[in-house]
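**Student:** Handing you this structure, nothing more for now.
The values are calculated or read from the model by the stated rules, or taken from the named source; none is laboratory data. Just so it is clear, the structure is predicted and the values come from calculations on it, not from any experiment. Virtual Cβ from ideal backbone geometry, glycine too; neighbours counted across all protein chains shown.
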Amino acid sequence: MEKLYRTISGLISARANCEKTGNREWFVRHSKRLLALVKDKLPSGSGFDSGTTIDVERSTPERLVFSTSYHHMNQGGMYDGWTEHEVIVTPSLHHGISVRITGRDRNQIKDFIHESFRAALTDDIDPAREFAQAGA
């Protein structure tokens, strides 16, 4: 078992190594696995109605950058707007990871986004099983 953030970081590193060496086949495999993990394991639905994406160009093994939106509701239960956010994850010696949320803090949504991403990213996964499910 391994923390999701470690698996994602490893895939970012593996993609970069494959790109450097010209190994297109494994670059594509690692990319598919990375995108599948983000789609399947990071917040989607329940306000995160557009899901979550990873910015593979700006992410490194030591800095993961995700994009998400939150669909807000008013007190009457009607949707009344969106906020856009980046979730930036870096190593922390004390907490394992540090999670920073950008964007407008409408209705203190950043706390909820922080909790949602921290829980997902620190969840234990079986990398071999996830690798097989991604078709790689």
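**Student:** Regarding Leu121, is this residue free of Cβ contacts under 8 Å to residues at least 60 places away in the same chain and within 19 Å of Ser13 (Cα to Cα)?
**Tutor:** Answer is no for this residue.
**Student:** List the residue pairs whose Cβ atoms are under 8 Å apart, where the first residue sits in the stretch 6-27 and is without any contact (Cβ under 8 Å) to a residue 24 or more places away in the chain and assigned to a helix (DSSP H, G or I), the second is surrounded by 19 or more Cβ atoms within 10 Å (Cβ to Cβ) and not charged (D, E, K, R), and the two are 6 or more positions apart or on different chains.
**Tutor:** What qualifies is Ala14/His30; Cys18/His30; Trp26/Ala14.
**Student:** Between a first residue in the stretch 56-70 that is buried (at least 21 other Cβ atoms within 10 Å of the Cβ) and a second residue that is part of a strand (DSSP E or B) and aromatic (Phe, Trp, Tyr), which pairs have beta carbons less than 7 Å apart while being 6 or more apart in sequence or on different chains?
**Tutor:** Thr68/Phe48; Tyr70/Phe48; Tyr70/Trp82
**Student:** Please indicate, with yes or no, whether at least one residue in the stretch 65-88 is within 21 Å of Ala14 (Cβ to Cβ), modelled with pLDDT of 95 or more and of a type in the set (S, T, N, Q).
**Tutor:** The answer is no; no qualifying residue exists.
**Student:** Does the stretch 107-136 hold any residues that are in a loop (DSSP other than H, G, I, E, B) and either at pLDDT 95 or above or on the phi < 0 side of the Ramachandran plot (or both), and which are they?
**Tutor:** Thr122, Asp123, Asp126, Ala134, Ala136
**Student:** Which one is nearest to Met73 (Cα to Cα) among residues in the stretch 29-49 that are in contact (Cβ under 8 Å) with a residue 24 or more places away in the chain and among the small types (Gly, Ala, Ser)?
**Tutor:** Gly47
**Student:** Conditions first: (1) part of a loop (DSSP other than H, G, I, E, B); (2) in contact (Cβ under 8 Å) with a residue 12 or more places away in the chain. Glu86 passes all but one, so which condition is the exception?
**Tutor:** Failed condition: (1).
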